[in-house]
Each structure stands twice: as structure tokens, then as C-alpha cells.
Amino acid sequence: QVQLVESGGGLVQAGGSLRLSCAASGLAFRSYAMGWFRQASGKEREFVAAINWSGGSGYYADSVKGRFTISRDYAKNTVPLQIHSLKPEDTAVYYCAARWGGGYSIQGDDYNYWGQGTQVTVSS
């Protein structure tokens, strides 16, 4: 059974930092590209960041570029998302997703598995 479990969300002031993490189990971690998406209340889900099966520097939405950093830990099967300089508009539920086949995508429909999400709230 595949499980993606997000953690690390919370309430933080604007300008602060958070480190989200996604723990993956029940899948061949090295065969999956991993992504982070978010959905703010009343809005559609949007792509945030993704990383290929092989790792590397990742790919980011323009709105988070320079502030968010995605990585992956093959020993722990986790996908951290380091967030700096948080803004109120970053407030959303953040979801982790896994895409079989290795290559990342910015389209949520291309992902095979999803976590339950973790809430990030940024106060001004």
C-alpha cells in the first residue's frame, strides 16, 4: 500500500521559514518523480515544485522560485521542501505527490499517488 505522509506545516509569520517533509512508503522510491502542490481555500490546486527520480536541482513555479527548495533523501525515502521568506499568499494546504516513470510534471493529473496534505498558514 502506497502512502505519502506530509508533515511540518503550521502557523508562521510572514518572512519566516518552514520545512515540510513527505515520507513515502510502499513504492519503489527511486522510480518516481516527486512533486509538491498546494491548494488555497477557494482556489484550484497549483504546482509548487518537483524533482526527478535522479534528484538534481528541481523545478519550481515562478511564484516560489528562489524561496522554496525541493530535495530528496533516498536513505529515508523522504522529500523535504524548505521554504523561506514566507508570504501570506503562500497560505494553503500543501500536498506531496508521486509520479511513476521518473520525470517530473507540473500537471497534477500526471501524478499517481497523493498525500493527505499539511496546512501552512502565514500571518501578515
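Here are some notes:
- Single condition G16 does not satisfy, out of (1) surrounded by fewer than 22 Cβ atoms within 10 Å (Cβ to Cβ); (2) touching a Leu at 6+ places or on another chain (Cβ under 6 Å); (3) part of a strand (DSSP E or B): (3)
- Residue in segment 57-67 that is surrounded by 14 or more Cβ atoms within 10 Å (Cβ to Cβ), in contact (Cβ under 8 Å) with a residue 12 or more places away in the chain and closer than 20 Å to V2 by Cβ present: no
- Matching residues, segment 19-44, being at negative phi and either touching a Pro at 6+ places or on another chain (Cβ under 6 Å) or surrounded by fewer than 17 Cβ atoms within 10 Å (Cβ to Cβ) (or both): R19, S21, A23, S25, A28, R30, S31, Q39, A40, S41, K43, E44
- The set of residues from segment 112-124 being open to solvent by 80 Å² or more (accessible area, probe 1.4 Å), under 16 Å from R45 (Cβ atoms) and assigned to a loop (DSSP other than H, G, I, E, B) comprises N112, Q116.
- Yes/no for L20 being over 11 Å from the mean Cα position of the chain (by Cα) and at pLDDT 95 or above: no
- Restricting segment 68-90 to residues that are farther than 16 Å from A49 by Cα and among the basic types (K, R), the residue that is surrounded by the fewest Cβ atoms within 10 Å (Cβ to Cβ): K76
- Top-ranked residue in segment 102-111 [being in contact (Cβ under 8 Å) with a residue 40 or more places away in the chain and open to solvent by 20 Å² or more (accessible area, probe 1.4 Å); ranked as nearest to G16 (Cα to Cα)]: I106
- Close Cβ contacts (under 7 Å, 6 or more residues apart or on different chains) running from residues in segment 28-41 that are more than 16 Å from E89 (Cα to Cα) and in a strand (DSSP E or B) to residues that are modelled with pLDDT of 95 or more and basic (K, R) comprise Y32/R99; A33/R99; M34/R72; G35/R99.
The values are calculated or read from the model by the stated rules, or taken from the named source; none is laboratory data. Not measured: the values here are computed from a predicted model. Because the Cβ atoms are built from the backbone with ideal geometry, glycine has one as well, and the counts that use them run over all protein chains shown. The area values use the complete protein model at the heavy-atom level, side chains included, leaving out ligands, DNA and RNA. Shrake-Rupley method; radii C 1.70, N 1.55, O 1.52, S 1.80 Å.
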